[in-house]
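In what follows, a structure is listed as structure tokens, so that the remarks can point back to it.
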């Protein structure tokens with residue numbers, strides 16, 4: 001027996017499920033709107049066991065039956081209008097889902113940008129602290145390298161760190 005190493009996510013629909021659901025809904029709506037005409041008459045009666053029966057054939061024997069009149073099918077123009085309304089609704093729904101997906105992606109990007117901004121702010125503050133705390137021209141980088149700065153380069157690095165703090169630490 002092979003076991004799955006990852007649990008399956010049953011909350012997310014399988015790929016193509018929405019398309020199949022939409023196609024099924026459109027087919028059902030089309031069938032409901034399509035004119036359907038029974039040939040002959042439709043009969044209704046109650047059999048010996050008390051069950052109501054509907055049939056295109058009259059009941060056997062002498063059981064009394066009531067003929068049922070069927071409404072005429074809707075005009076073709078009305079069916080086409082209903083079909084057009086359904087297609088329009090399906091397009092609006094698809095557009096709405098696409099807009100929601102774009103909005104969600106934008107929100108995720110904003111959150112990622114905020115995290116990156118906070119990380120850049122923290123790094124700029126650490127840099128400024130290092131330049132001010134260790135005012136000499138030799139500093140050790142995060143990788144462990146010793147870097148030598150002239151006084152002008154050190155002042156430039158401090159100014160750059162202050163600029164980054166203003167930009168990222170809003």
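The values are calculated or read from the model by the stated rules, or taken from the named source; none is laboratory data. What you see is a predicted model, and the numbers here were worked out from it, not measured in a lab. Here the Cβ is made from the backbone with ideal geometry for all residues, glycine too, and neighbour counts use every protein chain on show.
If residue 145 satisfies every condition in (1) farther than 30 Å from residue 21 by Cα; (2) modelled with pLDDT of 90 or more but one, which is the exception? Result: residue 145 passes all but (2).
For segment 21-41, the set of residues classified as surrounded by 10 or more Cβ atoms within 10 Å (Cβ to Cβ) and either part of a loop (DSSP other than H, G, I, E, B) or at pLDDT 85 or above (or both) consists of 34, 35, 41, listed by residue number. Has segment 43-50 got any residue that is part of a helix (DSSP H, G or I) and modelled with pLDDT of 70 or more? No, segment 43-50 contains no residue that is part of a helix (DSSP H, G or I) and modelled with pLDDT of 70 or more. Determine whether segment 72-90 contains at least one residue that is in contact (Cβ under 8 Å) with a residue 40 or more places away in the chain, closer than 30 Å to residue 18 by Cβ, under 36 Å from the mean Cα position of the chain (by Cα) and outside any helix (DSSP H, G or I). Checking segment 72-90: not a single residue is in contact (Cβ under 8 Å) with a residue 40 or more places away in the chain, closer than 30 Å to residue 18 by Cβ, under 36 Å from the mean Cα position of the chain (by Cα) and outside any helix (DSSP H, G or I).
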